[in-house]
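A.B. asks: Before anything else, here's the structure in question.
Coordinate-derived values only; no laboratory data. The model shown is predicted, which means the values in this text are computed figures rather than measured ones. Note that we place each Cβ from the backbone using ideal geometry, even for glycine, and neighbour counts take in every protein chain shown.
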């Protein structure tokens, strides 16, 4: 069984970077603390620190251990607070991973219903690549992952992809750029400066194939993993950029850009990935049900 006193000693040394400083904070003799750290390393079977001059640096194993230690003591603090305030309203954490290719405005629209539950939740969002988020979902460090594609079958992770909805694509641009595109859509995209999603985006390949099938050859001037950054470049006049139709009005208002065309031939899809085959988590259910209704109404309009 894990010795939590040793884990506390390790975490303190990792945070201070020196045995002497940590020993002072822990009210221990440096020799005693050093011995406790050695015992902890022997028990775990790994080396957690390496010396760099007068400081101690974490090894790869040490960085992994610190990540878990931080979470363990954070949960411990939450437990202590919950027990001390057990008469107060209980707020449950809802930990969501958001794939970095999912537009921020879409993420907000999808997650907002979780904040209106009768039993309140504290939303904890983490943004990263889908592969990293799926790994954290598998060890139950996340309750759900929002993504623009299902869980890849090549990943050796048990998880289930629940469709939330889909929509077409709008092409937006700064007003100065839009005014120069005189032809009818989509011919107005030919030779136009175009900003496209990065390689991790599920939208990238369908978008390029759609352009190719129509013989449209834009000038691709930028690729972006972050949709907000792409919108900022579009706002500055760098080029035309695609956004999901369900958020196009919001993006146009926020960035003061204009629509140059839209299509239903390219579909942007969104998924909730969970470890549950049948959804039961109240917050995940709220997100799923509200999303399906929202996308249905949007597709009918």
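A.B. asks: Would you calculate, for the chain, the mean residue ellipticity at 222 nm contributed by helices, counting each DSSP H stretch of 4 or more residues as -39,500 (n - 2.57) and dividing by all residues, to the nearest 500?
C.D. replies: Result for the chain: -13500 deg cm²/dmol, rounded to the nearest 500.
A.B. asks: Can I ask one more? How large is the Kirkwood hydrodynamic radius of the range 1-43, counting all unique pairs of alpha carbons, in Å?
C.D. replies: Over the range 1-43, the inverse of the mean reciprocal pair distance is 10.0 Å.
A.B. asks: Mean 1/r over all different Cα pairs, inverted: what Kirkwood radius does the range 146-231 give, in Å?
C.D. replies: Answer for the range 146-231: a Kirkwood hydrodynamic radius of 15.0 Å.
A.B. asks: Helix 60-84: angle to the longest alpha-carbon principal axis of the chain, degrees 0 to 90, nearest 10?
C.D. replies: On a 0 to 90 degree scale, this one is about 90.
A.B. asks: Then there's this: Suppose a student asked you for the relative contact order of the range 4-84, using Cα pairs under 8 Å spaced at least 6 residues apart; what percent would you report?
C.D. replies: 27
A.B. asks: Further question: Going by average Cβ neighbours within 10 Å, how do the peptides 149-155, 230-236 rank, with the highest at the top?
C.D. replies: Packing proxy ranking, top to bottom: 230-236, 149-155.
A.B. asks: Can I ask one more? Over the range 149-301, what is the relative contact order in whole percent, taking alpha-carbon pairs under 8 Å and six or more residues apart? Walk me through the intermediate numbers first.
C.D. replies: On the way: 254 pairs, mean separation 64.5, N = 153.
Relative contact order here is 42 percent.
A.B. asks: So for 74, 162, fewest C-beta neighbours within 10 Å to most, what's the order?
C.D. replies: The order, fewest Cβ neighbours first, is 74, 162.
A.B. asks: Can you put 246, 116 in order, fewest other beta carbons within 10 Å first?
C.D. replies: Arranged by neighbour count, lowest to highest, 246, 116 become 116, 246.
A.B. asks: I'd like the antiparallel share, as a percent to the nearest 5, of DSSP beta bridges with both residues in the chain.
C.D. replies: 60
A.B. asks: Same structure, new question: For helix 282-300, what angle does its Cα long axis make with the longest principal axis of the chain, in degrees from 0 to 90 and rounded to 10?
C.D. replies: Taking the Cα atoms of the chain, the angle to 282-300 is about 10 degrees.
A.B. asks: Kirkwood Rh and Cα-based Rg: tell me the resulting Rg over Rh for the range 189-281, rounded to two decimals.
C.D. replies: Reported Rg/Rh (Cα atoms, Kirkwood Rh): 1.03.
A.B. asks: Compute the relative contact order of the chain as a whole-number percentage, counting only Cα pairs closer than 8 Å that sit 6 or more residues apart in sequence.
C.D. replies: Numbers: 475 pairs, mean separation 61.6, N = 301.
Averaging sequence separation for qualifying contacts and normalising by length gives 20 percent for the chain.
A.B. asks: Relative to the longest principal axis of the chain, what angle (0 to 90°, nearest 10) does the C-alpha long axis of helix 245-255 take?
C.D. replies: Once rounded, the angle reads 80 degrees.
A.B. asks: Apply 1/(1 + (r/R0)^6) to the Cβ-Cβ distance of residue 5 and residue 59, taking R0 = 25 Å, and write down the FRET efficiency to the nearest 0.05.
C.D. replies: That gives a FRET efficiency of 0.70.
A.B. asks: Next question. Can you compute the equivalent ellipsoid semi-axes for the chain, i.e. the square root of 5 times each eigenvalue of the Cα gyration tensor, sorted largest first and rounded to whole Å?
C.D. replies: Working through the eigenvalues yields semi-axes of 47, 24, 17 Å.
A.B. asks: Would you mind ranking 125, 167 by Cβ crowding within 10 Å, fewest neighbours first?
C.D. replies: On the way: 125 14, 167 22.
Sorted ascending by nearby Cβ count, the order is 125, 167.
A.B. asks: Taking each pair of distinct Cα atoms in the range 23-173 once, what is the resulting Kirkwood hydrodynamic radius in Å? Before the final figure, lay out each step's value.
C.D. replies: Values: mean 1/r = 0.0516 Å⁻¹.
Computed over Cα pairs of the range 23-173, the Kirkwood hydrodynamic radius comes out at 19.4 Å.
A.B. asks: So, one more: Looking only at the range 6-143, where both bridge partners belong to it, what percent of the DSSP beta bridges are antiparallel (to the nearest 5)?
C.D. replies: 35
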